[in-house]
Amino acid sequence: METIQKVIELLSKKYKARISILSNNLDGRFNSMLDTKNGTMFSVSFDSLYVFKDSNNNFWSTTPRSFVYNDKKYYPKAGQEYTRHDGIKYTFTTREEVLEKAMAYFEKFIDPNYGIKIVNQKLFFYEGRDKTEVLNLQKFKSRLFGKIDTYISFN
């Protein structure tokens, strides 16, 4: 699958509330995803600059022509890593590798129940003060009574 198609697929999934997609277009050309709990981020700019930042502020990026750090200009090559004095690492690599890191991280937060509101999963019945029974709800339509739509089964 082409890289831009993988980006579009990653952006089009429904995620848990902690994941924010910071764009209103799904063409995969200029988008960002953010984990609002720990600051992990994935960003794509015009299908040429891919950046993934983890919760420790380490960066993986496609290789730029040059970048400036401490008033010195660097010309990185793919596979090179630069470490700042505070320990934050910048790793320059291919866009496919950056995308794989982002997919591996964000796919953990796909919400399979997106749009489904779970109201009640269990009922608790109390017999006296010490004994509690937990029963799973089973829903079905009753044949005898048209107005009854739920029933508790003691299977």
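The values are calculated or read from the model by the stated rules, or taken from the named source; none is laboratory data. Everything quoted here is computed from the prediction, not taken from an experiment. Note that we place each Cβ from the backbone using ideal geometry, even for glycine, and neighbour counts take in every protein chain shown. Accessible surface areas use protein heavy atoms only, side chains included; no ligands, DNA or RNA. Shrake-Rupley method; radii C 1.70, N 1.55, O 1.52, S 1.80 Å.
In whole percent, how big is the carbon plus sulfur part of the accessible area of segment 26-72, probe 1.4 Å, protein atoms only? It would help to have the intermediate numbers written out before the result.
Details: 1390 of 2650 Å².
Percent of accessible area from carbon and sulfur atoms in segment 26-72: 53.
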Diffing segment 51-65: the Karplus 3J(HN,Hα) column from phi (6.51, -1.76, 1.60, θ = phi - 60°), in whole Hz with x for Gly and Pro, holds 9, 10, 10, 8, 5, 9, 6, 7, 10, 10, 9, 5, 7, x, 5
Within the under-14-Å Cβ sphere about Arg65, not counting Arg65, Lys/Arg +1 and Asp/Glu -1 give a net charge of +2
